[in-house]
Amino acid sequence: KGAFTGAMNDKRGLFDIANGGTFFLDEVGDMSPTLQVKMLRVLQEGTFLPVGDTVTRKVDVRIIAATNRDLKSMVREGTFRQDLYYRLNVINLAVPALRHRRSDIPLLVTHFLRRSCRRMESPIKVLSEETQKRIISYDWPGNIRELENEMERLVVLAGDDEEIQEQILSPRILRSNGEVIHSFAQIETPQEDLPGALESLERRMLLEGLRRTGWNKTRTAKELGISRRNLIRKVDRYQLD
């Protein structure tokens with residue numbers, strides 16, 4: 001109250017509200033340098049100074065942060081603070097791009113189609129065989145959001161048709177020349193235990209990455225977000241040389 005013209009009442013900030021709980025920070029790679037300094041102070045010392053106040057307050061907040069940017073490269077370029085990067089990077093969970101986990105696409109398509117149909121009060125729709133091929137072979141550079149938007153678009157354009165035909169797919173998908181997979185039925189579902197399934201996924205991602213880069217280990221390691229030494233160790237482990 002009174003911090004600036006029009007501030008007639010006290011208002012709690014987000015860190016104050018999250019005290020004792022969890023705070024999710026999305027797109028942390030887009031923070032301005034000024035905000036990075038303030039964020040570091042809160043994370044390092046657990047204190048912040050409310051606007052217009054003269055007394056710092058202490059909070060205990062668990063931080064979950066997310067970004068689609070390469071923070072390591074930003075640190076090297078000087079656009080993201082190194083001390084903030086290491087303060088955030090305590091437990092790192094890398095989510096592979098959708099093109100690296102095509103087995104997820106059928107489940108996501110079904111979910112998004114049903115949700116869009118319910119919202120638009122439309123009969124439940126399915127994809128034709130040719131549409132399935134296109135959906136699976138496309139690389140989805142926009143990942144989940146792009147897939148969600150495409151399914152919503154298809155429901156609108158399909159009208160009263162219960163089967164969605166490929167000709168109403170977005171032009172960028174129709175123009176793509178990805179690896180042709182004949183249908184959702186061909187997407188393999190692991191029949192092994194979790195450690196075995198993870199190993200199979202890791203081996204497949206390594207092999208696909210090496211093929212894409214012409215077996216250039218440095219480029220493959222950078223693309224997969226691991227060190228070159230770690231890549232070489234995994235290549236030896238899975239006998240991919």
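Among the candidates Asp10, Asp26, Asp53, the residue that is at pLDDT 90 or above and acidic (Asp, Glu) is uniquely Asp26.
Among residues of region 96-123 that are under 20 Å from Ala158 (Cα atoms) and open to solvent by 20 Å² or more (accessible area, probe 1.4 Å), those with a beta-carbon under 8 Å from a residue that is acidic (Asp, Glu) and part of a helix (DSSP H, G or I) at least six positions away or on a different chain give the pairs Leu108/Glu148. Screening Ile124 against (1) modelled with pLDDT of 85 or more; (2) farther than 22 Å from Val95 by Cβ; (3) of a type in the set (A, V, I, L, M, F, W, C); (4) not in a loop (DSSP other than H, G, I, E, B) leaves a single unmet condition, (4). When region 127-154 is filtered for residues that are open to solvent by 50 Å² or more (accessible area, probe 1.4 Å) and part of a strand (DSSP E or B), nothing remains.
The values are calculated or read from the model by the stated rules, or taken from the named source; none is laboratory data. For clarity, every value in this text was computed on a predicted model and none was experimentally measured. Neighbour counts run over all protein chains shown; Cβ positions are idealised from the backbone, glycine included. Heavy atoms of the whole protein, side chains included, go into the accessibility calculation; ligands, DNA and RNA do not. Shrake-Rupley method; radii C 1.70, N 1.55, O 1.52, S 1.80 Å.
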